[in-house]
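What follows is one structure encoded as structure tokens, with my remarks underneath.
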Amino acid sequence: MMLLLYSNGLRVVIHTANLIDRDWAQKTQGVWISPLFPKLHDKSDPSAGDSKTHFKRDLLDYLNAYRAKQIQEWAEHVQQHDMSEAKVFIIGSVPGRHTENRKMKWGHLKLRNVLKNYGPEGSLTKDWPVIGQFSSIGSLGAKPESWLCGEWLESLGAAKGKQNINLSSRTKLQLIFPCIDNVRLSLEGYVAGGSIPYSIHTAKKQVYLNTFLHQWKSSRRGRSRAAPHIKTYARLSPDNQNLAWFLVTSANLSKAAWGAFEKNKSQLMIRSYEIGVLFLPTSFDSTEELFTVEGINTSEKNLSFPLPWDVPLTPYTSQDRPWLWDIPYKHKPDSHGNAWDPR
């Protein structure tokens, strides 16, 4: 994340790239840039200048969670600016074991809470798949229902006006993660895989994950060969024409990033700092329940949203395997004629 301070205001930039050269050169990343937030005239009210999405409140909560003097200075700058024009929701994670009301402020439970209160009606999206796209995979449990298709999918499958009892068991899940050839034939070749960590040790324990996987393809954006370091999640209509919501975030597919229940669901354990922004149609136009996928036949009345990956999604073939960064690939050269041996 970046906080950019100007003489006439402040911008917030939330991005999926690390601040290193190789992340910004030949990879696909996501960047959200806020409007220029002006300074407040009246700074006496601590809640002044917040948006309907509580963007300012949630940003301050996230910054204050670091408990660092260097960041406190920037939290004060945020406090002094009017962020009422923000139309996105912050979905953040901070390390800790979060209990009671605090557990609803972070990780997948924060997303669940926002979708249940501000998202589309459950009757509208009940048959819509959840899409997850990421550049790293953690240990998810021995069975799909252990976490992935349990608490995590229950949160991403949440919707307004509908109880979520056993909802995850009925929600279709589609995941996008580079197969070996997606990496091998990328602009950087096998080297790109050094930024896409998924280990053989972890993969052997969750072979079931392969049944959910789809290739990275982004031909409409000209980025199929720009290896994905972006992380996005969405609820997409079965005909690929509409979106109920879209999230761009630093959070990969892991318990560490999203959180996992402990002590009979009384607490949510999170291990890392993550931040992302959630787009909901009603935040941009109160009369619109859905985004229209950009590139579909749209009228000027519809809210159009650009997807970073191609639809329909392309499932793995029987020969495809997910990229694993800690094993050698020597039988086929990459786009630069090189092999890969990380040992």
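Residues S283, S237, S272, S266: which one is under 16 Å from the mean Cα position of the chain (by Cα) and either among the hydrophobic types (A, V, I, L, M, F, W, C) or modelled with pLDDT of 95 or more (or both)?
After applying the criteria, what remains is S272.
Please pick out the residue among G132, G193 that is part of a strand (DSSP E or B), open to solvent by less than 10 Å² (accessible area, probe 1.4 Å) and within 19 Å of D320 (Cβ to Cβ).
Details: G193 fails: part of a strand (DSSP E or B).
Going through G132, G193 in turn, just one is part of a strand (DSSP E or B), open to solvent by less than 10 Å² (accessible area, probe 1.4 Å) and within 19 Å of D320 (Cβ to Cβ): G132.
Does region 69-82 contain any residue that is in a helix (DSSP H, G or I), open to solvent by 80 Å² or more (accessible area, probe 1.4 Å) and under 20 Å from V114 (Cα atoms)?
Scanning region 69-82 turns up no residue that is in a helix (DSSP H, G or I), open to solvent by 80 Å² or more (accessible area, probe 1.4 Å) and under 20 Å from V114 (Cα atoms).
Has region 247-260 got any residue that is touching a residue at least 24 places away in the same chain (Cβ under 8 Å), open to solvent by 50 Å² or more (accessible area, probe 1.4 Å), farther than 22 Å from I33 by Cα and over 17 Å from the mean Cα position of the chain (by Cα)? Outline the logic, then answer.
Going through region 247-260, the residues touching a residue at least 24 places away in the same chain (Cβ under 8 Å) turn out to be 247-260.
Narrowing the set further to residues that are open to solvent by 50 Å² or more (accessible area, probe 1.4 Å) leaves 255.
Add one more test, that the residue is farther than 22 Å from I33 by Cα, and what stays is 255.
Filter once more, keeping what is over 17 Å from the mean Cα position of the chain (by Cα): none.
Checking region 247-260: not a single residue is touching a residue at least 24 places away in the same chain (Cβ under 8 Å), open to solvent by 50 Å² or more (accessible area, probe 1.4 Å), farther than 22 Å from I33 by Cα and over 17 Å from the mean Cα position of the chain (by Cα).
Search region 269-305 for residues being small (G, A, S) and open to solvent by 20 Å² or more (accessible area, probe 1.4 Å), and hand back the single one that is nearest to P95 (Cα to Cα). Spell out how you get there, then give the answer.
Here is the first cut: in region 269-305, the ones small (G, A, S) are 272, 276, 283, 286, 295, 299, 304.
Those still in the list that are open to solvent by 20 Å² or more (accessible area, probe 1.4 Å) too: 272, 283, 286, 295, 299, 304.
Working: S272: 5, S283: 29, S286: 35, G295: 39, S299: 44, S304: 35 Å.
The residue in question is S272.
Does region 86-95 contain at least one residue that is open to solvent by 60 Å² or more (accessible area, probe 1.4 Å), in a loop (DSSP other than H, G, I, E, B) and farther than 25 Å from Q215 by Cα?
Checked region 86-95: at least one residue is open to solvent by 60 Å² or more (accessible area, probe 1.4 Å), in a loop (DSSP other than H, G, I, E, B) and farther than 25 Å from Q215 by Cα.
Residues to consider are P308, P342; find the one that is in a loop (DSSP other than H, G, I, E, B), within 30 Å of P95 (Cβ to Cβ) and open to solvent by 40 Å² or more (accessible area, probe 1.4 Å). Before you say what the answer is, go through the steps one by one.
Numbers: P308 fails: open to solvent by 40 Å² or more (accessible area, probe 1.4 Å).
Testing whether each residue is in a loop (DSSP other than H, G, I, E, B), within 30 Å of P95 (Cβ to Cβ) and open to solvent by 40 Å² or more (accessible area, probe 1.4 Å) leaves just P342.
Can you say whether Q267 is in contact with a Phe, Trp or Tyr (Cβ under 8 Å, 6 or more places away or on another chain) and among the polar types (S, T, N, Q), as far as the supplied structure shows?
On the way: in contact with a Phe, Trp or Tyr (Cβ under 8 Å, 6 or more places away or on another chain): yes; among the polar types (S, T, N, Q): yes.
Spelling it out, Q267 is indeed in contact with a Phe, Trp or Tyr (Cβ under 8 Å, 6 or more places away or on another chain) and among the polar types (S, T, N, Q).
If we scan region 261-268, do we find a residue that is open to solvent by less than 70 Å² (accessible area, probe 1.4 Å), touching a His at 6+ places or on another chain (Cβ under 7 Å) and part of a strand (DSSP E or B)? Lay out the reasoning, then the answer.
Filtering region 261-268 for residues open to solvent by less than 70 Å² (accessible area, probe 1.4 Å) gives 261-262, 266-268.
Remaining after also requiring touching a His at 6+ places or on another chain (Cβ under 7 Å): 267-268.
Those left that are additionally part of a strand (DSSP E or B): 267-268.
Yes, some residue in region 261-268 is open to solvent by less than 70 Å² (accessible area, probe 1.4 Å), touching a His at 6+ places or on another chain (Cβ under 7 Å) and part of a strand (DSSP E or B).
Going by what's in this entry, would T99 be described as farther than 25 Å from F279 by Cβ and either of a type in the set (A, V, I, L, M, F, W, C) or touching a strand residue (DSSP E or B) at 6+ places or on another chain (Cβ under 8 Å) (or both)?
Values: farther than 25 Å from F279 by Cβ: yes; either of a type in the set (A, V, I, L, M, F, W, C) or touching a strand residue (DSSP E or B) at 6+ places or on another chain (Cβ under 8 Å) (or both): yes.
For T99, the condition - farther than 25 Å from F279 by Cβ and either of a type in the set (A, V, I, L, M, F, W, C) or touching a strand residue (DSSP E or B) at 6+ places or on another chain (Cβ under 8 Å) (or both) - is met.
Give the residue that is nearest to K87 (Cα to Cα), with candidates limited to residues of region 283-305 that are assigned to a strand (DSSP E or B) and among the polar types (S, T, N, Q).
Step one: list which residues in region 283-305 are assigned to a strand (DSSP E or B), which gives 291-293, 304-305.
If we keep only those that are among the polar types (S, T, N, Q) too, we end up with 292, 304.
Numbers: T292: 17, S304: 15 Å.
Across region 283-305, the extreme among qualifying residues is S304.
I'd like the full set of residues that are under 13 Å from H81 (Cβ atoms) and not charged (D, E, K, R), limited to region 31-45.
Matches in region 31-45: S34, P35, L36, F37, P38, L40, H41.
For region 196-211, which residues satisfy the criterion of being in a helix (DSSP H, G or I) and either open to solvent by less than 40 Å² (accessible area, probe 1.4 Å) or at pLDDT below 95 (or both)?
Taking region 196-211 as the starting set, the residues that turn out to be in a helix (DSSP H, G or I) are 200-205, 207-211.
Those that are in a helix (DSSP H, G or I) and either open to solvent by less than 40 Å² (accessible area, probe 1.4 Å) or at pLDDT below 95 (or both): T202, A203, Y208, L209.
Keeping to region 26-62, report how many residues are assigned to a helix (DSSP H, G or I), free of Cβ contacts under 8 Å to residues at least 60 places away in the same chain and either open to solvent by less than 60 Å² (accessible area, probe 1.4 Å) or small (G, A, S) (or both). Walk me through how you get there before you give the answer.
Step one: of region 26-62, the residues assigned to a helix (DSSP H, G or I) are 55-62.
Imposing the further condition that a residue be free of Cβ contacts under 8 Å to residues at least 60 places away in the same chain reduces the set to 55-61.
Then keep just the ones that are either open to solvent by less than 60 Å² (accessible area, probe 1.4 Å) or small (G, A, S) (or both); that gives 55-56, 58-61.
Looking only at that region, the number is 6.
The values are calculated or read from the model by the stated rules, or taken from the named source; none is laboratory data. Fair warning: this is a prediction, and the values are worked out from it, not measured in the lab. Note that we place each Cβ from the backbone using ideal geometry, even for glycine, and neighbour counts take in every protein chain shown. Note: areas computed on protein heavy atoms with side chains; ligands, DNA, RNA excluded. Shrake-Rupley method; radii C 1.70, N 1.55, O 1.52, S 1.80 Å.
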